[in-house]
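Beneath this line is the structure, given in C-alpha cells, with notes to follow.
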C-alpha cells in the first residue's frame, strides 16, 4: 500500500494524545494531532499523578519541567468523630524513586507535553474535528474539516465521548454510579497540605485534595448537591459542610471552577480494531476518587507508541500490536473494581475501631494499587519466562525498582539516561553485549561495569548490579516502556529469547511508505 499522508493520526490533544504524539515523534514516526477544541484547556481537571507515571515522565525526559509546579501528597487522612486518622503512603516492597502521589494541575502537564511535542516537530491542530473515517486492512481514511487524510493508523485519545470508539462500535460496558459535585477554591483552613482528606458532615462525604497553589484545594462532595452555575452558593455549601465536619469555622472562597458529573464505571472489551486504536477515557472511564484516569491513559499511550513505531519502521510484524489489547484491556477492567471500592469507602463514615482498622487496611492496599507500581505483564507474549533470581526484577516487571538514594548513584544516574533513548535495551554485566553476534537494529546494547569503559554504564559502587541482581556475563532485555522482557546468561540464551519474542522478528522488507 502506498500514498499515506501520515503514519499515525492522533485524535485528541489531552495528556494521553500528547504523550502518544511525543513518544511517536521521538521514534521518528510521522504524526498529526487534531482536536475539535479551539485551543488548550484552561480549567483544571485531573490533579493526582502517581509513582509509575512519574517514572514515565522521567524516562520521557519531561519530569524536570513538571516537578517545580506540583506538590507531594504523603497520606490519606480521615476525619471522624472529632479525630483525624492518618495513613501515610507506604508502598511496602514496591520500591520506587517516588514514594508519594504528586498533585499537579493537568493544565500544566498538558503545557509541558505540548512544548516537548512541539520541539519534536508536532504541533496540535486546534479547531480540527474528526468528522468521520473508514478503515480496512491497508489504510485509514479520515475526513477532517478541510481535507481527507490517509493514515497508516488512527489513534483515538478523544475522551469519554470518543468519536473513534463510537465509530468502531466498541461498547463501553458498565454502569453509571453516583453524581458528585467538584470545585476548585481557596479554603481558609489549617488542614495538612501533604494529605488527601476524607470528611463526613451530616448526609454525605467530602474529599479535599491540595493544589500546589497556596491555600487552594479541590473539593469533592459525594452528595452531588449544588449547581455549578451558582459559585457563591457552592462556596457557602462547602464552607458549611467543612465547618461541621471539622468542628471549627472554615471559610471557602468563590470557586475558580466547578462542575457536577455522573460517575461512569465502564470499559471496552477491546482497545483496537484493525488499524484503529483507543486509549485513556476513550477506552475506560471510572470514578475520579483515586485519580486513575490520567495516569492509566498515559500508561496506555506509553505502552502502544513504541509498538506502532516498530511496526511502522519495519522492525516488527503487525502481530506485535495485538499485545496492546493483551496487556492493557485487563488493566482497564481491573480499574472498575478498584475504583468502585474507593467510592464505597469514601462515602461511608466508619465509627467503630474494627471498621476503622479495616478501612486503614483498605487504604494501605489502595495506596499500593493506585501507584501503578503493581502493574506487570508476566503473561504477555513479550515476556520470556526463565530462571528467576531471588532478588531483582523479574520478566514482566518494571526495571526501575530502585529507591531514590540508589537512583542517584553514578551507575543508576547513567542508566536512567540510557533508558531515555527510545529503543529496546540489552543490559549486560561486565562485558560487551552479545559478543560475537550482531544485535537487531531495534536493540541497543549497554555494558554495566565497575570499570570505566567506552559506551558503558560505569557502576563504581555496584548499586546497579546489586539492585538488578546481575552478575558477570548475565543480561537483561528491557522493553522501550521500561518493563523486563527476559533475563539470563550467555549469548545462546539471549538468542533464544530474541527468537521467541512474538512479533519482534525483523522483516526482510520495510513496509512501503
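Give the residue that is farthest from residue 121 (Cα to Cα), with candidates limited to residues of the range 4-34 that are touching a strand residue (DSSP E or B) at 6+ places or on another chain (Cβ under 6 Å) and part of a loop (DSSP other than H, G, I, E, B).
Across the range 4-34, the extreme among qualifying residues is 4.
Here are the criteria: (1) closer than 30 Å to residue 25 by Cα; (2) surrounded by fewer than 17 Cβ atoms within 10 Å (Cβ to Cβ). Tell me which single one residue 483 does not satisfy.
(2)
Considering every residue within the range 183-190, establish whether at least one is surrounded by fewer than 17 Cβ atoms within 10 Å (Cβ to Cβ) and either more than 25 Å from residue 85 (Cβ to Cβ) or in contact with a strand residue (DSSP E or B) (Cβ under 7 Å, 6 or more places away or on another chain) (or both).
Yes, there is a match, as at least one residue in the range 183-190 is surrounded by fewer than 17 Cβ atoms within 10 Å (Cβ to Cβ) and either more than 25 Å from residue 85 (Cβ to Cβ) or in contact with a strand residue (DSSP E or B) (Cβ under 7 Å, 6 or more places away or on another chain) (or both).
Output the residues belonging to the range 216-228 that are out of contact with any helix residue (DSSP H, G or I) (no Cβ under 8 Å at 6 or more places or on another chain) and either surrounded by 19 or more Cβ atoms within 10 Å (Cβ to Cβ) or modelled with pLDDT of 95 or more (or both).
Listed by number, the residues that qualify are 216, 217, 218, 220.
Could you list all residues from the range 231-255 that are surrounded by 15 or more Cβ atoms within 10 Å (Cβ to Cβ) and part of a loop (DSSP other than H, G, I, E, B)?
Scanning the range 231-255 gives 250, 253, 255.
Residues checked against (1) within 19 Å of residue 196 (Cα to Cα); (2) part of a loop (DSSP other than H, G, I, E, B); (3) at pLDDT below 95:
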| site | (1), (2), (3) |
| --- | --- |
| 37 | no, yes, no |
| 44 | yes, yes, yes |
| 68 | no, no, no |
| 86 | yes, no, yes |
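Testing residue 187 on (1) under 27 Å from the mean Cα position of the chain (by Cα); (2) closer than 22 Å to residue 102 by Cβ; (3) in a strand (DSSP E or B), one condition comes back false. Which one is that?
Here residue 187 meets the rest and fails (1).
Which ones in the range 192-203 are crowded, with 18+ Cβ neighbours inside 10 Å and more than 21 Å from residue 49 (Cβ to Cβ)?
Those that are crowded, with 18+ Cβ neighbours inside 10 Å and more than 21 Å from residue 49 (Cβ to Cβ): 199, 200, 201.
The values are calculated or read from the model by the stated rules, or taken from the named source; none is laboratory data. All of these numbers come straight from a predicted model, not from anything done at the bench. Glycine also receives a Cβ, built like all others from the backbone with ideal geometry; neighbour counts cover every protein chain displayed.
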